Structure formats: structure tokens, C-alpha cells
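Just so it is clear, none of the values below were taken in a lab; they were calculated from the coordinates. Not measured: the values here are computed from a predicted model. As a convention, Cβ positions derive from the backbone with ideal geometry for all residues, glycine included, and neighbour counts pool all protein chains shown.
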Amino acid sequence: MDKQTAATVAPEKKAKPSRAIIRPRRMDFDFSADIPRFWFDNNVFKTLLMTAQSCTFPEGERFFIDSVRHYQSQITDPELQAQVRGFIGQEAHHGKEHTTLNDFMAARGFATEAVQSHVRTSLQLLRKRMSAERQLAMTCALEHFTAMLAELALEHPDFFKGMDDRV
């Protein structure tokens with residue numbers, strides 16, 4: 001389209017963005033004893049990398065919840081209040097599921113508590129040094145990063161090739 005034609009075309013009305021409804025999904029994973037020790041493609045590195053990442057989630061989820069909860073009483077929009085409640089519920093359940101995986105891996109001799117302790121100590125330090133606004137900004141940034149990783153994984157399902165389906 002040339003510049004003159006483009007200038008005469010009526011601009012489209014911008015649609016009001018729809019608000020996502022966050023409904024916590026309760027999955028209640030149960031990791032059975034017959035899951036291989038190295039459940040990601042029988043590969044030590046892949047399994048330990050994913051386990052270490054899982055170890056960051058329970059404390060990280062609590063940090064996210066706290067950063068949002070700090071502002072919860074200031075929200076007046078009922079729809080946004082519902083979204084915040086859904087977010088908190090989803091994050092709490094997400095942390096619970098990672099705790100289940102971390103406990104499963106600890107029972108197999110992996111030092112999951114060492115990673116979780118490091119994350120716990122680091123986040124306690126951040127809570128002391130960062131304003132509530134910065135904590136919320138950090139939460140937004142990390143959730144965005146998580147969404148980018150999820151999108152990448154969904155667009156490339158071969159990423160999960162060799163991962164035990166139960167994990």
C-alpha cells in the first residue's frame with residue numbers, strides 16, 4: 001500500500017484488551033518410585049538442571065505472592081481483585097508442586113535443600129534491600145521471563161523429548 005492510500009484508510013478501532021482469568025489448577029503430582037533416577041532422557045545434566053530450577057520455585061513463588069499481596073488492599077477493581085486472588089492461588093499451588101518434586105529428588109539423594117536454602121537466603125536479603133515497588137517489578141520481570149520460556153517450550157515440544165511424562 002502506498003503512503004497516499006495508507007493515509008486515507010480509516011484507522012481500526014483498538015480493541016479493549018481482554019483480562020485473563022487466572023484459575024488455579026490443582027494437579028497434585030504423585031511421583032512414583034519407578035521413575036528413573038535421571039528422568040530427563042536418562043541424562044544427568046538435563047535432570048540436575050531441571051531439578052535445580054525446580055528448587056528455585058517454592059521460595060520464588062512465595063516472593064511473587066508477597067510482592068503482589070503487598071498491594072492487594074489497594075485494589076478497588078473487583079475484576080483485578082479476582083485476578084490477584086487467582087494469581088496468588090496459582091502461585092501457591094505451583095510452589096507446592098515444585099516442593100513435591102524437590103522432596104522426591106531429595107529422597108533420591110540429591111541436595112535440593114542446599115539450593116532451596118540459597119534461594120531462601122537470597123530472597124530474604126532482597127526483601128530487606130528492595131522497596132515493595134521494586135519487588136513487584138522483579139516479580140513482573142521474572143513472570144515475563146517464565147512466559148517466554150513457556151512459549152519456547154510450547155513452540156518446540158521436542159525440547160521435552162526423552163523426559164519421563166510423569167515428571
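By the count of other C-beta atoms within 10 Å, a proxy for reagent exposure, Glu79, Glu59 are ordered fewest to most as Glu79, Glu59.
Between Ser122 and Ala82, the simple spin-label model (points 7 angstrom out along Cα→Cβ) gives 3.7 nm. Here Thr100, Thr146, Thr51, Thr76 are placed in order of increasing Cβ neighbour count within 10 Å, fewest first, which gives Thr76, Thr146, Thr100, Thr51. Within straight-line reach of Lys161, meaning a Cα separation under 17 Å, sit the following aspartates and glutamates at least 8 residues removed in sequence or on another chain: Asp41, Glu151. Each of Cys55, Cys140 was scored by other Cβ atoms within 10 Å of its Cβ. Listed from fewest to most, they are Cys140, Cys55.
If you take the alpha carbon atoms of the stretch 71-161 and fit the smallest convex hull around them, that volume is 131 Å³ per residue. Overall dimensions of the chain, expressed as equivalent-ellipsoid semi-axes from the Cα gyration tensor (√(5λ), whole Å, largest first), are 36, 24, 16.
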